[in-house]
Amino acid sequence: MTGRAMARKGVETMNLTSKQRAYLMSLANELQPVFQVGKAGLSPEVTEAVSECFQNNELIKLGVLKNCGEDPAAIAKTLAERTRSTVVKVIGKKIILYRKNADKPRIDLDRMPRRELSDRD
């Protein structure tokens with residue numbers, strides 16, 4: 001799906017609160033990287049593959065290999081712009097991206113599970 005088609009569907013990037021970001025990071029903790037960016041950098045093929053992956057997943061983790069000369073934060077920002085997703089976090093050489101599925105959302109950020117407060121007496 002191209003960027004124009006996504007704009008027509010109403011898919012747009014979003015600003016995450018710190019609690020939403022923490023919740024998404026906890027979900028991504030169990031994920032394995034689905035793609036790796038290598039020495040060729042961020043190619044159109046990688047961008048297209050990540051965009052297609054968002055059709056089935058709302059949360060994606062990517063890895064940046066050591067032989068990639070580009071900065072992982074710059075890769076994350078560019079990839080988020082091209083796929084109309086949101087950068088959750090860049091930790092070292094790992095990138096976590098989120099894009100809400102407009103048709104069938106699986107992750108509901110408005111109804112995040114709340115942690116119970118423990119007694120600290």
Checklist entry - Tell me, which residue of region 47-58 that is surrounded by fewer than 19 Cβ atoms within 10 Å (Cβ to Cβ) and not charged (D, E, K, R) is nearest to residue 82 (Cα to Cα)? => result 47
Checklist entry - Residues of region 59-94 being of a type in the set (Val, Ile, Thr), free of Cβ contacts under 8 Å to residues at least 40 places away in the same chain and under 19 Å from residue 27 (Cα atoms), which ones? => result 60, 87, 90, 91
Item to check | region 60-74 - residue that is crowded, with 17+ Cβ neighbours inside 10 Å and closer than 12 Å to residue 40 by Cα and, of those, farthest from the chain's Cα centre (by Cα) | outcome: 68
Item to check | Residue match in region 31-50 (condition: on the phi > 0 side of the Ramachandran plot and under 11 Å from the mean Cα position of the chain (by Cα)) | outcome: no
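Values in this text are rule-based calculations from the coordinates and carry no lab data. The structure displayed is predicted, hence computed values, not measured ones. Cβ: placed from backbone, ideal geometry, glycine included. Neighbour counts: every protein chain shown.
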